[in-house]
Amino acid sequence: MSSERSATAVDQLTPEQAEQELAQLASEIAEHDLSYHQNDAPTISDADYDALRRRNQDIEARFPNLVRADTPSEKVGATASSGFAKVQHAVPMLSLGNAFNDEDVHDFFGRVRRFLGLEDEEQIDVVAEPKIDGLSISLRYENGKFVMAATRGDGQEGENVTANVATMDEISETIAAAVPDVIEVRGEVYLGHAAFQAINEQRERDDEATFANPRNAAAGSLRQLDSTITAQRPLQMFAYAWGELAEPVAETQWEFLQALKRWGFPVNPLARICNNAEVAVAYHQEISELRADLDYDIDGIVYKVNRLDWQQRLGFVSRAPRWAIAHKFPAEKAQTVLQEITIQVGRTGALTPVANLAPITVGGVVVSRATLHNADEIERKGIREGDTVIIQRAGDVIPQVVEVLQDKRPDDSKPFLFPNHCPECGSLAVREPDEAVIRCTGGLICPAQKLERLKHFVSRQAFDIDGLGGKHIDAFQAEGLVNTPGDIFRLRENHEQLRKREGWGDKSVDNLLASIEQRRTIPLERFIYALGIRQVGQATGRQLALHYGSLVAWISAMQQATSERQNTPDEFKKAELVGDAFSGLCDIDGIGISMADDIVQFVGEPQNVAVIEDLAASLYVEDAAQPDTSSSEIAGKTVVFTGTLETISRAEAKATAEALGAKVTGSVSKKTDFVVIGADPGSKATKAKDLGVPVLSEEDWQTLIGG
Ligand code: IVH
């Protein structure tokens, strides 16, 4: 599936292309996360979404040094939507990596074996169970009493949906058995097919929009602000995991499921132990044949390493545990006509082609649009307007165009000509060398870019101004009220004009102005992210904020880097040759030359500096809080592992070091604090000695980290 995502196979990509594509994938995936998790309104199919993530994962696997600070692999879902109180999860609610075929499952077992350093004879048991297509939920019990339920949100912070969950029949208020003082039971809330159909029939009778699928209906039901409505929806749950737990209750995943059952939680009756990859794959096949007869939607099988001590050692990598994987079912397909290709202009000027399809029902959902990603994708698949195409989706709304049926092509059809001018502002649209994206060169002259930048500025992860969404920005810009981000903070001076707007009473204006005032103080990381610099996502915003500490320090370093960059010809692009400020920027974890270039280009544009200065004059941008480095000997230190480690695998050593706050890098420089050497260390050990960097044996290292 992944090979269909882009013109170039992953093993053929040049580093430049890979870097570019990773940037594109990061922003695309972030957008989809937002529509899916926050607005309950996905705009692409699950299959399409998974393909994007997989492509990202494949490129990252081949180019580990290009993994971005804001890599989608690190993120789960989107931040909590307003309307519910926010809840910090004591233990993050994470996501799962995906396997799309049997080989991926074998690879998973292989990775577990290598990470744990297990002999070939050692059996790896996994618990396999259906992956429920619902919403994850965390239920907190204190002294056996139900005290709180939270949705996943972005994995760190969810929404408090206690009142709604309390209406669910399957969730008891008290646990009759003896349980630890604090337990958080996690699982999936879903709606059965019969219930889903009944709800939609009722909505049709009431002339209300129907839900696209059971998952959306379950989400809509659980996130009702009025819990009496939730009470009318027969939501169900399967429990499968835990969050905070005052004391351990099991030694294996399987025993934990048995404990859940004893405590009265619904556990999926199809769960089973599989003792190797072949057995797991056979289980996947067996359940896929059962799938149509189940009363609930499932979209794959989840395998979890059974031994909890192994789970503990395997730990997590970015957004997902190393000890579990979701083995997805293949996508559903259908045939339709691609009526028109339209072009959307994004915040950074990227022109994205969109396929407008003759509406068609695939697996119970009507779909009418699909993104075509870029010009290469259109050319590679040979897509033309008027073509009959095969589309596919798995579980959700908008599909992917898989192939064109050439024999159904109309006689008068012509290849699609990608515009060489921006359809919004008429500026030249260009494709930079090695870029898949064609961009409008209009910058802030282009109304579409300007508008998208403003929308990004007020979006949830950025300034998150309550009551000021994309639609308001559209209207305010059209009315000349808001042209630049700084204008938002001048709206109070235009309050008379606001009050005259149709449908806006004093109360709504006062509320809006109050929420704008609340955002006059903003953390540096959000401020940087809100600027909408190409490739700079939330994680990079955070990295930059942590590194530079204050707005003044960041801007002056960026201006210095900009002038260094402007004075260095492209052929000397290597970070160190450009200058100290530029190389300092490139040294930040996850920031490569291409991202650094985008940042300095942004700061190099007088219009952008004007926007920043304008904002700085009316806002208080908070300095970044530095992390507490007191707790661990190696927090904040840069470590390089080299040679063959004997007591643990390289991956486990790296994970442990990172968990203790260290940064693990691949090459030795004068910034390296320690080099840990195993057997046959090679040139890195020599380089460390030359540079006077302390060299530790594996044993010294174990002593240093206290274990
Ligand atoms: S185990 C640490 N088991 O799938 C994560 N997840 O795509 C442990 N899901 O976030 C998750 N059925 O919301 C697990 N039987 C199952 C599941 C399941 C559905 C969801 C869950 C997770 C998402 C990842």
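Quick one: divide the alpha-carbon radius of gyration of the range 166-249 by 2.2 N^0.38 Å and tell me what you get.
That works out to 1.32 for the range 166-249.
Taking the range 148-187, which GluC sites (Glu not before Pro) meet the DSSP loop condition and have no more than 16 other C-beta atoms within 10 Å?
Values: sites: Glu157, Glu159, Glu170, Glu173, Glu184; in loops: Glu170, Glu173.
Loop-located and lightly packed - Glu170, Glu173.
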*Please go through the residue pairs Lys333/Lys450; Lys471/Lys500; Lys304/Lys381; Lys637/Lys684; Lys455/Lys500; Lys455/Lys637 and name each one whose alpha carbons sit more than 29 Å apart in this structure.*
Lys333/Lys450; Lys304/Lys381; Lys455/Lys637
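Give me the number: length gained by fully extending Asp102 to Asn275, i.e. 0.36 nm times residue separation minus the C-alpha to C-alpha distance, one decimal in nm. Display every interim value, and only then the final one.
Working: separation 173, 0.36 × 173 = 62.28 nm, distance 1.52 nm.
60.8 nm is the gain from fully extending Asp102 to Asn275.
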*Which value, in Å² rounded to 10, gives the accessible area of Ile325 with a 1.4 Å probe and all protein chains present?*
10 Å²
*For the pair Asp673 and Asp570, what calculated FRET efficiency results from E = 1/(1 + (r/R0)^6), where r is the Cβ-Cβ distance and R0 = 30 Å, to the nearest 0.05?*
0.35
*What's the long-distance tail for the range 105-224, i.e. % of Cα pairs beyond 23 Å?*
52 percent
*Per-q log10 I(q)/I(0), the range 435-560, q = 0.09, 0.12, 0.15, 0.22 Å⁻¹ (Debye; single scatterer per alpha-carbon; no solvent)*: -0.30, -0.52, -0.77, -1.31
_Could you tell me how many cubic angstrom of Cα convex hull volume the range 229-270 has per residue?_
99 Å³
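Full extension from Glu286 to Glu496: what is 0.36 nm times the residue separation minus their Cα-Cα distance, to one decimal in nm? Intermediate results must be reported in sequence, preceding the final value.
Numbers: separation 210, 0.36 × 210 = 75.60 nm, distance 6.63 nm.
Here the segment from Glu286 to Glu496 would lengthen by 69.0 nm.
In the range 130-212, which chymotrypsin sites (Phe, Trp or Tyr not before Pro) fall in coil by DSSP and have 14 or fewer other Cβ atoms within 10 Å?
Working: sites: Tyr141, Phe146, Tyr190, Phe196, Phe211; in loops: Phe211.
Passing sites in the range 130-212 do not exist.
Answer rounded, prolate or oblate for the range 188-302, using the Cα gyration tensor with square roots of eigenvalues a ≥ b ≥ c: rounded when a/c is under 1.5, else prolate when a/b is larger than b/c, else oblate.
Numbers: a/c = 3.18, a/b = 1.54, b/c = 2.07.
Because a/c hits 1.5 or more and a/b fails to exceed b/c, the range 188-302 counts as oblate.
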*Loop-only check: which GluC sites (Glu not before Pro) in the range 450-508 are DSSP coil with at most 14 other Cβ within 10 angstrom?*
Glu479, Glu502
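Quote the Stokes-Einstein diffusion coefficient, in whole µm² s⁻¹, for the range 292-336, based on the Kirkwood radius over alpha carbon pairs, a temperature of 25 °C and a viscosity of 0.890 mPa s. Walk me through the numbers on the way to the answer.
Details: Rh = 13.1 Å.
Reported coefficient: 188 µm²/s.
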*asked:* Working only with C-alpha atoms, what are the Rg and Dmax values of the range 364-444, expressed in angstrom?
replied: 15.2, 44
*Go from 0 up to the bin containing the longest alpha carbon distance in the range 500-622, width 5 Å each, and give me the % of pairs per bin.*
2, 11, 19, 21, 16, 11, 7, 5, 4, 3, 2, 1
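Could you please put Arg215, Arg369, Arg347 in sequence from largest to smallest accessible area, using a 1.4 Å probe?
I get Arg369, Arg347, Arg215, largest accessible area first.
Test of understanding: express the Cα radius of gyration of the range 224-382 as a ratio to 2.2 N^0.38 Å, with N the residue count.
On the way: Rg = 21.8 Å, N = 159, 2.2 N^0.38 = 15.1 Å.
After normalising by residue count via 2.2 N^0.38 Å, the value is 1.45.
Using the Cα centre of the chain as the reference point, and only Cβ charges (+1 on K/R, -1 on D/E), how large is the resulting charge dipole? Debye, rounded to the nearest 20. Kindly include the intermediate steps, with their values, before the conclusion.
On the way: 71 positive and 109 negative charges, 185 e Å.
The dipole magnitude comes to about 880 debye.
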*For the chain, can you list the cysteines whose C-beta has no other cysteine C-beta under 4.7 Å from it?*
Cys274, Cys586
_Over the chain, with the other protein chains present, what is the accessible area per residue in square angstrom, probe 1.4 angstrom?_
45 Å²
_At 7 Å along Cα-to-Cβ for each site, give me the label-to-label distance between Glu658 and Asp510 in nm._
5.0 nm
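Return the percentage of antiparallel bridges among DSSP beta bridges fully within the chain, rounded to the nearest 5 %.
Working: 73 of 87 bridges.
Here the antiparallel bridges make up roughly 85 percent for the chain.
Obtain the radius of gyration and the Kirkwood radius of the chain from its C-alpha atoms and give Rg over Rh. The partial results should precede the final answer.
Numbers: Rg = 26.5 Å, Rh = 27.7 Å.
A ratio of 0.96.
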*Simple spin-label estimate for Leu294 and Ala209 in nanometres, 7 Å along Cα-Cβ*: 2.8 nm
*Spin-label pair Ile445/Glu173, simplified geometry with 7 Å Cα→Cβ offset, distance in nm*: 6.8 nm
*Quick one: pull the percent of accessible area on the chain belonging to carbon and sulfur, 1.4 Å probe, ligands and nucleic acids left out.*
48 percent
*18 Å Cα-Cα reach of Lys145 towards aspartates and glutamates, excluding residues that sit fewer than 8 places from it in its own chain*: Asp169, Glu170, Glu173, Asp181, Glu184, Glu244, Glu247
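The values are calculated or read from the model by the stated rules, or taken from the named source; none is laboratory data. In this text the structure is predicted, and so the values were computed from the model without any measurement. Cβ sites come from the backbone with ideal geometry, for glycine too, and all protein chains shown count toward neighbours. The area values use the complete protein model at the heavy-atom level, side chains included, leaving out ligands, DNA and RNA. Shrake-Rupley method; radii C 1.70, N 1.55, O 1.52, S 1.80 Å.
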